[in-house]
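Have a look at the structure below, then the notes.
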Amino acid sequence: KIDILNNFNNNNKDKFLLGSRQQNTNKQQRQKKEESPLRVSTINMNPITGYTYQSALEALKTYHSIHGDLILPRRFTVTSKEYPLEWHGVDLASTVYTMKWWKLHIKYSPDRVAELNKIGFIWERLQPEWNLIFSALITYSSIYDNLLVPVNFVVPRGDDAWPKATWGLGLGRCVFRMRLRNDFLNGPKGANRRSQLLGLGFVWDMREYAFTKFVAALRYYA
């Protein structure tokens with residue numbers, strides 16, 4: 001009986017110690033979360049609209065001071081400590097260059113339009129992605145006289161021959177995805193977009209195109 005009682009007490013003691021350790025661990029984790037700078041930074045976030053306009057403006061000004069413009073890469077995740085703390089780890093480009101952001105923060109505030117104009121906000125970037133792709137295709141066609149865009153082609157930054165809103169656009173990948181899986185060409189606007197591409201002389205099947213050119217060359221030199 002004494003052995004049984006001792007075992008019972010020891011088991012309860014172990015459970016008590018294990019429970020105490022778990023409580024301490026949970027308490028420490030809660031303290032870390034409460035002390036986390038990212039939790040503190042949420043004072044600059046609106047629970048409905050996300051990051052406030054002033055916070056976004058500070059982030060954009062920071063980018064401008066570093067790079068000299070607001071032609072952000074298509075995806076630009078903030079990592080530098082020079083930016084407001086709440087933007088760390090956030091894709092700044094995908095946040096501000098959207099119609100949603102414009103409607104929430106700019107549409108009814110002309111003073112903000114003027115404010116953003118001063119630092120070179122690229123308003124054309126607010127267009128649907130397809131509009132930018134098609135604009136880049138028109139420019140590519142005018143420069144190279146074809147639409148045989150290499151898969152690794154990226155619209156060059158700093159080249160005024162291209163619309164600023166398209167700088168840094170991976171045009172080659174866009175074209176590759178259109179041919180491979182009809183990206184941007186599905187849905188109710190798909191037929192109209194296909195017509196636009198046909199009007200530019202878009203090549204849908206590169207193998208068929210190469211074979212046709214090969215046969216034409218054989219006939220020419222035969």
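Structure data summary
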read-out	value
Prolate/oblate/rounded label for region 65-151 (Cα gyration tensor, a/c 1.5)	prolate
Estimated dipole of region 65-133 in Debye, rounded to 20 [Cβ of Lys and Arg +1, of Asp and Glu -1, Cα centre]	160
Shape box of region 63-222 [Cα atoms, principal axes, largest first, Å]	68, 34, 27
Pairs from K61/K100; K61/K118; K118/K164; K61/K164; K164/K189; K81/K164 whose Cα-Cα separation, in the structure shown, is over 22 Å	K164/K189; K81/K164
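The numbers here are math on the coordinates, done by the rules we state, and not lab data. Not measured: the values here are computed from a predicted model. Backbone-built Cβ (ideal geometry, glycine too); neighbour counts: all protein chains shown.
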